[in-house]
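Below is one structure, written out as structure tokens; comments come after it.
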């Protein structure tokens, strides 16, 4: 039986709502296979870069453990003990990345949610750079903190439909070679920038020419989303691992809702991969480059009226690509 009244009811403590949540998911099943041998070091580098580059006044961290081996506690506990991880989710089986992250994104109170793989190295200033893009492009729905020009045409018909015919989309060199090279170094896939005889993505990029320029295109290994795009979504990822799942459950939501997938013109994050390198081991962080909380005072989040159905935009975009040889 109950005896007395729960004393917590009388404390009057309040929850604090922040504007931004970063969700990092990881799965490390063993340290024997060559692919996973350095995974604990990579995870530690990722979390260390994250806690050294975000503003805790505005940002919370959710860490999702997809049933990894017990040794991950040696890494995770360092950040839990310092209360740098706001929420730690421990799944009893590996549910796959999509299930894990959309479960969190759909329920987030924060206005913005960053979804990141556990092999991302965050650079100083990445939050500020991302929210500068959101601040200057009200219809931005996804922003990646590194140039993602190679994905300009991936789930991005809305931005071309809205801006191409009025001349607001430019095609020229906006990304420095070293920024493109850094991404290629991490992902180890030079073919990603090739375009079958056209200017390759290193030579020219599509971008919006506003006060702050933004590259058209975004990745899904690290990106910040308006959390509203996940609301009222009820589709369920029945398969744990399936090609195209990230596109189906994450990538295409922004475009279908009439918003844009953009990225910064400079590199503020690095794809480590599964092997540590000099950059991942020796990167230095600058504390004076933290996000200015005042930026959220200028950000306007509102529902945009969609004047044309998505299937029509896709038809126009397909015609545009062919006509203009994009």
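Key figures
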read-out: Odd one out for residue 255, checked against (1) in contact with a strand residue (DSSP E or B) (Cβ under 7 Å, 6 or more places away or on another chain); (2) free of Cβ contacts under 8 Å to residues at least 40 places away in the same chain; value: (2)
read-out: Pick from segment 235-250, criterion in a helix (DSSP H, G or I) and in contact with a helix residue (DSSP H, G or I) (Cβ under 9 Å, 6 or more places away or on another chain), ranking: surrounded by the fewest Cβ atoms within 10 Å (Cβ to Cβ); value: 248
read-out: Filtered residues of segment 60-88 (kept if closer than 23 Å to residue 226 by Cβ and either exposed (fewer than 13 other Cβ atoms within 10 Å of the Cβ) or touching a helix residue (DSSP H, G or I) at 6+ places or on another chain (Cβ under 9 Å) (or both)); value: 61, 62, 63, 64, 87
read-out: Any hit, segment 170-184, residues being touching a residue at least 24 places away in the same chain (Cβ under 8 Å), touching a strand residue (DSSP E or B) at 6+ places or on another chain (Cβ under 8 Å) and part of a helix (DSSP H, G or I); value: yes
read-out: Boolean, residue 305 is over 21 Å from residue 131 (Cβ atoms) and either out of contact with any strand residue (DSSP E or B) (no Cβ under 8 Å at 6 or more places or on another chain) or modelled with pLDDT of 90 or more (or both); value: yes
read-out: Test: residue in segment 28-50 that is crowded, with 16+ Cβ neighbours inside 10 Å, closer than 24 Å to residue 239 by Cβ, modelled with pLDDT of 95 or more and in contact with a strand residue (DSSP E or B) (Cβ under 7 Å, 6 or more places away or on another chain); value: no
read-out: Per-region count, segment 89-112, residues buried (at least 24 other Cβ atoms within 10 Å of the Cβ) and over 19 Å from residue 214 (Cβ atoms); value: 4
read-out: Of all residues making up segment 258-302, the number that are under 28 Å from residue 140 (Cα atoms) and part of a loop (DSSP other than H, G, I, E, B); value: 20
read-out: Index of the failed condition, residue 128 passing every other in (1) touching a residue at least 60 places away in the same chain (Cβ under 8 Å); (2) surrounded by fewer than 22 Cβ atoms within 10 Å (Cβ to Cβ); (3) outside any helix (DSSP H, G or I); value: (3)
read-out: Given (1) over 21 Å from residue 285 (Cβ atoms); (2) surrounded by fewer than 22 Cβ atoms within 10 Å (Cβ to Cβ), number of the condition residue 57 does not satisfy; value: (1)
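The values are calculated or read from the model by the stated rules, or taken from the named source; none is laboratory data. Small disclaimer: the values here were computed from a predicted structure and weren't measured. FYI the Cβ positions are ideal-geometry reconstructions off the backbone, even for glycines, and counts take in every protein chain you see.
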